[in-house]
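*Asks:* So that we are looking at the same thing, I have put the structure below in structure tokens.
The values are calculated or read from the model by the stated rules, or taken from the named source; none is laboratory data. For clarity, every value in this text was computed on a predicted model and none was experimentally measured. Cβ atoms come from the backbone with ideal geometry, glycine included; neighbour counts cover every protein chain shown.
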Amino acid sequence: MDYSKIPSPCYVLDEGLLRRNLELIRSVQERSGVEIILAFKAFAMWRVFPIIREYIRHSTASSLAEARLAFEEMGSPAHSYAPAYSDSEFGGIMQCSSHITFNSLSQFSRFYPQTIGKNISCGLRINPEFQSVGVDLYNPCTPGSRLGVTADLLDEKLPEGVEGLHFHTLCESSSYDLEATLRVVEEKFAKFFPHIKWLNMGGGHLMTRNDYDVEHLVSLLKAFKAKYPHLHIILEPGSAFVWQTGVLVSTVLDIVENGGIKTAMLDVSFSCHMPDCLEMPYKPAIRNAFDPVPGKPVYRMGGNSCLSGDFYASWSFDKELQVEDRIVFEDMIHYTMVKTTMFNGVTHPSIGIWTKDERFQLIRRFGYEDYKSRMS
Ligand SMILES: Cc1ncc(COP(=O)(O)O)c(C=O)c1O
């Protein structure tokens, strides 16, 4: 990428890298005989849906807005799941969905009757109570979790009308985590399998990460399919689609110093534009920077909101930073654009594509009207 051609700040999706991930995902889908769909909650940059549609057809929605986006921009009805549906939105969700998964038995019995005769396949989210995610914020199986129906709440038979089961327990996980989870899911829920048509294994399958054992995933899924040939298996990863497919380009606006700590003040904000860094928390990679090294200049990166904690520490660079220098945050495509805010009215990064023929294409710039129209 030629950063001099890119306005700052800007999220830049690299089309070539996106296609590489899509190819891998399509090949897993074809070789294992399962269906892989895109979870919009991780990535919903609809201008590239035509590219995504070259490889996969469906998506999963967690709200009416995402279901409409599936219907209108992805061009296919959504597999919807939300922790709770409301009367006011459920009609719209039905219009845009082929599958609707309910988080609880009470939501199922309240809304299922409305779906009858509408060509919608209904499912239940189950909670296998098997923890494989270390960070509680991202772990749907913590004790007391509000997500999914636990085995003890189900009778010998599923309620009339349940055609599928859905579990989502993984986060940036390996195929071995899936294998361990499947063992528990089978132990607790396989008695229902003869009575359902599909099983959705949720997201968190990070099959595009370098060290992911793709062959193991394919053989695991094939063996599972062979055991339950009547089940349509669905995986709905989000991060895996856009893992390491682009950057957030930013610029140093100022350098301040306090108590011997130098902070590079940027035209982006961790709080507004990279929220997972503070939530998880995790230290993002910066191109051409590394963990502090004695003898090299060291800087904190400071966000441009007034939140005191809107900074991250600390990186070394080969030479002193200067105002106007570009700071390029790696892997900033998943769970960023979908989560950003305009807190403080800070300038929202533009969105662009670095095309496969090495051109920068600006697809969205945000301005005062975007900020203003969120409120009244
Ligand atoms: C129900 C459900 N499906 C799919 C996903 C996508 O997960 P990931 O982006 O980790 O693959 C999530 C993420 O939170 C989720 O809650």
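*Asks:* Looking only at residues that are small (Gly, Ala, Ser) and part of a loop (DSSP other than H, G, I, E, B) in the stretch 123-152, which one is nearest to Asp276 (Cα to Cα)?
*Replies:* Across the stretch 123-152, the extreme among qualifying residues is Gly134.
*Asks:* Restricting attention to the stretch 62-87, which residues are away from the ligand (no atom under 15 Å from the Cβ) and outside any helix (DSSP H, G or I)?
*Replies:* Selection gives Gly75, Ser76, Pro77, Ser86.
*Asks:* Pairs only if they're at least six apart or on different chains, beta carbon under 7 angstrom, first in the stretch 232-252 and within 16 Å of Thr60 (Cα to Cα), second within 14 Å of the ligand (Cβ to nearest atom) and basic (Lys, Arg); list them, first residue then second.
*Replies:* So the pair list comes out as Gly238/Lys41.
*Asks:* Let me ask you something else. Identify all residues within the stretch 226-246 that are in a strand (DSSP E or B) and either within 14 Å of the ligand (Cβ to nearest atom) or not aliphatic (A, V, I, L, M) (or both); write none if there are none.
*Replies:* Answer for the stretch 226-246, where residues must be in a strand (DSSP E or B) and either within 14 Å of the ligand (Cβ to nearest atom) or not aliphatic (A, V, I, L, M) (or both): His232, Ile234, Leu235, Gly246.
*Asks:* Continuing with the same structure: Specify the residue that is farthest from the ligand (Cβ to nearest atom); the eligible residues are those in the stretch 170-187 that are farther than 11 Å from Leu220 by Cβ and in contact with a strand residue (DSSP E or B) (Cβ under 8 Å, 6 or more places away or on another chain).
*Replies:* Val185
*Asks:* Is it true that Gly91 is out of contact with any helix residue (DSSP H, G or I) (no Cβ under 7 Å at 6 or more places or on another chain), outside the structural domain of Asn200 (by TED's automatic domain parsing), farther than 30 Å from Pro229 by Cα and surrounded by fewer than 21 Cβ atoms within 10 Å (Cβ to Cβ)?
*Replies:* no
*Asks:* A further question follows. Out of the residues in the stretch 36-61 that are in a loop (DSSP other than H, G, I, E, B), crowded, with 19+ Cβ neighbours inside 10 Å and free of Cβ contacts under 8 Å to residues at least 60 places away in the same chain, which is nearest to the chain's Cα centre (by Cα)?
*Replies:* The residue in question is His58.
*Asks:* Which condition breaks for Leu199 when tested against (1) under 16 Å from the mean Cα position of the chain (by Cα); (2) in a strand (DSSP E or B)?
*Replies:* All conditions are met except number (1).
*Asks:* Identify the residue in the stretch 121-146 that is aliphatic (A, V, I, L, M) and at pLDDT below 95 and, among all such residues, is farthest from Leu182 (Cα to Cα).
*Replies:* Looking at the filtered set, the residue picked out is Leu137.
*Asks:* Would you point out the residue of the stretch 308-324, among those that are of a type outside the set (S, T, N, Q), in a loop (DSSP other than H, G, I, E, B) and exposed (fewer than 15 other Cβ atoms within 10 Å of the Cβ), that is nearest to the ligand (Cβ to nearest atom)?
*Replies:* Among those that are of a type outside the set (S, T, N, Q), in a loop (DSSP other than H, G, I, E, B) and exposed (fewer than 15 other Cβ atoms within 10 Å of the Cβ), it is Gly309.
*Asks:* Just one of (1) in contact (Cβ under 8 Å) with a residue 24 or more places away in the chain; (2) more than 16 Å from the ligand (Cβ to nearest atom); (3) surrounded by 12 or more Cβ atoms within 10 Å (Cβ to Cβ) trips up Lys157, so point out which.
*Replies:* Tallying (1) in contact (Cβ under 8 Å) with a residue 24 or more places away in the chain; (2) more than 16 Å from the ligand (Cβ to nearest atom); (3) surrounded by 12 or more Cβ atoms within 10 Å (Cβ to Cβ), Lys157 fails exactly one: (3).
*Asks:* Residue pairs, Cβ under 6 Å, 6 or more apart or interchain, first in the stretch 1-20 and among the basic types (Lys, Arg), second assigned to a strand (DSSP E or B) and at pLDDT 95 or above. List them.
*Replies:* What qualifies is Lys5/Phe360.
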